[in-house]
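Visitor: Following this message is one structure expressed as structure tokens.
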Amino acid sequence: MNLIRATGTIGGLTMVSRIAGFVRDMLLARILGPGLAADSFFVAFQLPNIFRRLFAEGAFASAFVPLFSRKLGKDGELEDAEQFSSEVVSVFVPVLIFFVALFEIAMPAIIWLMASSFQEVPGKFELTVALARITFPYLFLISMVALLAAILNSMSRFAAGASFPILLNLVLIAALLIGDDASILIGEYVRGPGGEDIIVAYFLAGGVALGGVVQLAWLWFWMKRSGFRLRFQRPRLTKDVKELGIIILPAAFGAGVYQISQLVQLFFATQLPGGSVSHLNFADRLNQLPLGVIGIALGTAILPALSRHIGADDKEQADRVQSNAIELAMLLTFPAAAALMICAPAFVNAFFLGGQFDAEDARITSNVLTALVAGLPAYVLIKVLTPAFFSRKDTRTPVYAAAIVLIFFITFNALLIDRLGIVGIASATAIGAWLNVFMLYAILQKRGHYALNAPLVGRLFSQLLATGAMAAMLFYLLPYLSDWFGGSVFERVASIAALVSAGMLVYFGAAALTGAIDRSKIALLVKRKAPN
């Protein structure tokens, strides 16, 4: 596997998905705005997504990939891997069905635990429960999708597994547009709080479930095309399935610290004034772009490689993969974080301002974004460092680190949420992420598993210098474009294009001058011989 090329494949397709997600949220901001219906939908949509990221894409993928990679034959034989996967899916499906059914029955109690303050607004709690019951079956569908994606990723077929999120965003865009038209036609017959917006919210919730069906069909097609056969059989707790379960249980906490914090984050956000959940969601949409394109892509790409090198007791190669991942991650993340912090008002205005999303909404969302992206490098580093534990089948250590971070997050918000509001929640998320990174790295270094080498430290320092040069240029350029960020579509596109182009030109120019980029690796990449 070529790390840079694999990351490029995953990151490129993730970029397309994030752009589609931007279009979705831009439309949602204009049509619904940060109101009752939007808050209810975001809570209902976050519920299956948090569990999906925590169990399916977090714990399950982290535990499944090393075991699956071990089953793959050196010459590409699939028989043992197919048998292992069939055993897993035969146990996985009944557990998922039971879990989803249990939540469907208990949904009013679950929403009460997450957003009890919604009861203070007439109709808001009931709407959230109804929408959550429509969206929650998505957990079953996307968990199956995560299984198929893990299989394809382990076989170094990254494109199919990275492309399926695009389909959900396309379905939701269609649902949003159709729902908006439907609300115009039948909105006058809707009574109660939320009015016509309720119709749009129901269409969006239905789009989530339909999107899961489309994603599963897409991955199933590519799995069959790869020649991999997945068979459903009588559920049996075989030795391999038990081993997977033992690894998954603690990994569900350790690998998903960011998702667990989102669940707690959502609880605190619902205790704040109406619209806070929406403001946080719109800010996180911008934050998720570099996180998904860089962090998730690299974490997905390096886990199979680390598992193989560590399994072969080749520490030198494992260290090289880890160092390359950190270098590439920070090369792209440092400038992204700085640009989002400095240009937060510009980006929020350009993408979301208009319709039901007014200037005050833009101001609040900008402040949330500035606090949130202060932790962006840490969010990415967590994705890059965690595979170093899971590839060694060590899921206990991240649990302890995650527990400390969660205690900090809850304490911080409990003490300061009244004073700092929604910005305080974002700040606690960022600080907690950095705390998590420092603990993970310190443990890896202490155990002799991994330590930063001098050349890498030098390049990271050079990346920070290049980022500083870019930040100074953006700070100088912003006033000249300020009138364009909330103008016509052309003015918005032109202003953002100018910021991005100027930022990239200055950053990569400064990076080349300061040595932030390893030119030998770039030369190898151009020759299509880049190292892992």
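The values are calculated or read from the model by the stated rules, or taken from the named source; none is laboratory data. Small disclaimer: the values here were computed from a predicted structure and weren't measured. As a convention, Cβ positions derive from the backbone with ideal geometry for all residues, glycine included, and neighbour counts pool all protein chains shown. Just the protein is used for accessible areas: all its heavy atoms, side chains included, with ligands, DNA and RNA removed. Shrake-Rupley method; radii C 1.70, N 1.55, O 1.52, S 1.80 Å.
Visitor: Could you please find all residues in region 497-516 being surrounded by 19 or more Cβ atoms within 10 Å (Cβ to Cβ) and part of a helix (DSSP H, G or I)?
Guide: Within region 497-516, 499, 503, 506, 507, 510, 511 meet the criteria.
A quick yes/no check of all residues on (1) open to solvent by 20 Å² or more (accessible area, probe 1.4 Å); (2) within 16 Å of residue 365 (Cβ to Cβ); (3) modelled with pLDDT of 70 or more:
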residue: 235; (1), (2), (3): yes, no, yes
residue: 240; (1), (2), (3): yes, no, yes
residue: 251; (1), (2), (3): no, no, no
residue: 266; (1), (2), (3): no, no, yes
residue: 275; (1), (2), (3): no, yes, yes
residue: 287; (1), (2), (3): no, yes, yes
residue: 299; (1), (2), (3): no, no, no
residue: 302; (1), (2), (3): no, no, no
residue: 306; (1), (2), (3): no, no, no
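Visitor: Return a yes/no flag: does region 127-144 have any residue that is closer than 17 Å to residue 205 by Cα and among the small types (Gly, Ala, Ser).
Guide: There is at least one residue in region 127-144 that is closer than 17 Å to residue 205 by Cα and among the small types (Gly, Ala, Ser).
Visitor: Do you know which of the residues in region 19-35 that are out of contact with any strand residue (DSSP E or B) (no Cβ under 9 Å at 6 or more places or on another chain) and open to solvent by 40 Å² or more (accessible area, probe 1.4 Å) is nearest to residue 359 (Cα to Cα)?
Guide: 27
Visitor: Show the residue pairs meeting these rules: Cβ distance below 8 Å; 6+ apart or different chains; first residue within region 442-467 and open to solvent by less than 60 Å² (accessible area, probe 1.4 Å); second residue of a type in the set (Val, Ile, Thr) and not in a helix (DSSP H, G or I).
Guide: Correct list of pairs: 459/517.
Visitor: Could I ask something else about it? Return the total of residues in region 390-399 being crowded, with 24+ Cβ neighbours inside 10 Å and at pLDDT 75 or above.
Guide: 1
Visitor: Okay, moving on. Only one of 229, 225 is touching a residue at least 60 places away in the same chain (Cβ under 8 Å), on the phi < 0 side of the Ramachandran plot and basic (Lys, Arg); which?
Guide: 229 is the lone residue from the list that is touching a residue at least 60 places away in the same chain (Cβ under 8 Å), on the phi < 0 side of the Ramachandran plot and basic (Lys, Arg).
Visitor: Can you pull out the residues in region 17-38 that are in contact with a Lys or Arg (Cβ under 7 Å, 6 or more places away or on another chain) and charged (D, E, K, R)?
Guide: Once the filter is applied, which keeps residues that are in contact with a Lys or Arg (Cβ under 7 Å, 6 or more places away or on another chain) and charged (D, E, K, R), region 17-38 yields only 25.
Visitor: Oh, and also: Confirm whether residue 293 is surrounded by 23 or more Cβ atoms within 10 Å (Cβ to Cβ), at pLDDT 75 or above and β-branched (Val, Ile, Thr).
Guide: Here the answer is no, as residue 293 does not meet what is asked.
Visitor: Now for a different question. Residue check: is residue 345 closer than 19 Å to residue 280 by Cα and open to solvent by 10 Å² or more (accessible area, probe 1.4 Å)?
Guide: yes
Visitor: Just checking, which of 60, 41, 51, 22 is part of a helix (DSSP H, G or I) and at pLDDT 80 or above?
Guide: Sole residue among the options that is part of a helix (DSSP H, G or I) and at pLDDT 80 or above: 41.
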